[in-house]
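First the structure, in the form of structure tokens, and then the observations on it.
The values are calculated or read from the model by the stated rules, or taken from the named source; none is laboratory data. What you see is a predicted model, and the numbers here were worked out from it, not measured in a lab. Cβ placement follows ideal geometry from the backbone for every residue including glycine, while neighbour counts extend to all protein chains displayed.
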Amino acid sequence: MSISFPKELADRKQWICWRLEPNTKDGKDSKIPYNPLTGRKASSTNPNDWSTLDDAIAAKEQYLYTGLGFVFAKGGGLVGVDIDHCRDKNTGELNDTAKAILERFPSYTEISPSGTGLHIFYKGEMPAKGNKNTKTGVEMYTHSRYFTMTGDPLPGTPDSIAEDNGALAWIHDNYIKSKKRSGKSKKNRKNYKLEPLTDEEILEKARTAENHKEFNLLWEGKWQEAGYPSQSEADIALCCMLAFWSGKNKEQMDRLFRKSGLFREKWDTVHHASGATYGQETLDKAIEVTENVYSRESESVIFEHEGRYYRTRGESVYPITNFIIQPVEMIVSDDETQMTADLVTTRDEIYRQTFMTTDFNNIQKFKNILNRRTISLGYFGSEGDLELLKGYISEMEWVRKTGVKALGIYEHGGRMVYVSTDGAIEAGGSIVEDIVQLDKYKSITTDILIFEPLTKEQLIMLGEWLLSYNEPIKTVSVMARVAGCFIKPHLKNQASSFLIYCLSENKAAEKVIHWSGLFCRYFHAVKSARLHRLLHLH
């Protein structure tokens, strides 16, 4: 593999591999970092996961990783500038931002794997806080991140990394520093008027709201199924819902009701001496009894700015944390979720934390987790803010996995896999990435995933030793346990009990011999190398 990098990069032990893997949430591919030596997922904050360039190249070729990555280390004296979507893939033409930076401060520059972005390296330190501006597409990193490396330099740029001679401060001031917030009081913030919901927006929100089932039935005219004794009562119920979403806009309520399945000729029938129709009376009554209405201002927003999370409520804006969250992985089980993330403070301190869903139940629980290892992490919001923050966090791009409580063999994705807190393998020795044991339930450990597989000859020898052991009561127990590791999951699917079956009626030896035969045939059938490692556990 012929790849060349500047000596300033090639000589550092800050290299990893990465692989494109589908995100189960949105189907898009994510760049997942890997340790070249162990084959396990790597962290951009743990130097033990990094290796030399030669090791990374060898691992890429041997294990077919998508590419190489260079990690920026704290205090390493290097800064990377990432410019997204700045290059035409076909013509090589650069946008104005990339041209301005490279013409003023040329340095070693690589074309990104997509062909549409650039990675520029400088020797120096970050000039200020804040490292990303989505409007300009420019990002700047000095630690805790990695660049996907191609070894494909941009034509016309230097083959070495330039010293910072004002470049980083200029780039930060012009393309990263936020121009929005001035630090002035809330009184000086610009007022704005929020537009009411359109008909389409009202229907979209009502159909997904907490009472959406009732709304959908009423909207379709199925008032009996919605539990109303008469259609008139159903009419007023639907109008109250429309009053809430429209802000009591009578004209809009009338327009929407006429599109519903409850609309009938009676709606336009004069129903009062004043000349008011049944529909007008129904709308007026709904407006009268509806106390609260929806407003776009009630849609509180959580957003990230300058290393904090803020909440907006109406025209109010206030910080609720002194950190931001960088997702690592989310493990979802039947009844709980475990999230591991790097929490980066406003002072660029990084703390890896693992949360369970119950940690967001109240402020005290959440703060206890934050303060478990440090006093540097702060949360300043209310219970309501915490609920919004939880929703914001859940929408981040997580590497999602299935979680199990106990170490052992499971049926997953139509195949049998062995699962531990370190990962999982399937028959044939292949690594299974999307299932793992939850850390919370880690009571015993195992080295199965790192053992060298037993050869056929070693397995036969082990069997001979086991069968020649002169204490049958121990031999039988061991054989029963070994066979059970592989047979029990199948029996479990059939609601059978392996132990009861084997040990009932004083026929333990006979049953063990029977199941051991099946066990041996199972090994032969799957031709598994790594599953043989299970013998080491027992």
- Query: Would you pick out the residues in the stretch 388-410 that are surrounded by 14 or more Cβ atoms within 10 Å (Cβ to Cβ) and more than 19 Å from Gln437 (Cβ to Cβ)?
  - Reply: Leu388, Leu389, Lys390, Tyr392, Ile393, Ser394
- Task: Output the residues belonging to the stretch 386-421 that are in a loop (DSSP other than H, G, I, E, B) and in contact with a helix residue (DSSP H, G or I) (Cβ under 8 Å, 6 or more places away or on another chain).
- Result: Lys405, Ala406, Thr421
- Task: Report, ordered by the first and then the second residue, all pairs with beta carbons closer than 6 Å, sequence separation of six or more or different chains, a first member in the stretch 106-130 that is without any contact (Cβ under 8 Å) to a residue 40 or more places away in the chain, and a second member that is of a type in the set (S, T, N, Q) and in a strand (DSSP E or B).
- Result: Leu118/Thr109
- Message: Residue pairs, Cβ under 6 Å, 6 or more apart or interchain, first in the stretch 294-316 and over 23 Å from Asn131 (Cβ atoms), second in a strand (DSSP E or B) and at pLDDT below 80. List them.
- Response: Ser300/Arg313
- What about Phe244, is it surrounded by 15 or more Cβ atoms within 10 Å (Cβ to Cβ), farther than 30 Å from Ile350 by Cα and modelled with pLDDT of 95 or more? no
- Do we have Ala58 as free of Cβ contacts under 8 Å to residues at least 24 places away in the same chain and more than 20 Å from Ser160 (Cβ to Cβ) here? yes
- Task: Please find, within the stretch 11-28, the residue that is modelled with the lowest pLDDT out of those that are outside any loop (DSSP other than H, G, I, E, B) and closer than 14 Å to Thr148 by Cα.
- Result: Leu20
- Odd one out for His119, checked against (1) buried (at least 18 other Cβ atoms within 10 Å of the Cβ); (2) over 25 Å from Ser30 (Cβ atoms): (2)
- Item | Residue list for the stretch 256-266, restricted to those being in a helix (DSSP H, G or I) and either at pLDDT 95 or above or buried (at least 19 other Cβ atoms within 10 Å of the Cβ) (or both) | Leu256, Phe257
- Item | Selection count where residues are surrounded by 17 or more Cβ atoms within 10 Å (Cβ to Cβ), assigned to a helix (DSSP H, G or I) and of a type in the set (A, V, I, L, M), scope the stretch 44-101 | 6
- Query: Among the residues of the stretch 276-292, is there at least one that is surrounded by fewer than 17 Cβ atoms within 10 Å (Cβ to Cβ), more than 36 Å from the chain's Cα centre (by Cα) and of a type in the set (A, V, I, L, M, F, W, C)?
  - Reply: yes
- Message: For the list (1) acidic (Asp, Glu); (2) surrounded by fewer than 17 Cβ atoms within 10 Å (Cβ to Cβ); (3) closer than 18 Å to Arg258 by Cα, I need the number of the one condition that Asp235 fails.
- Response: (2)
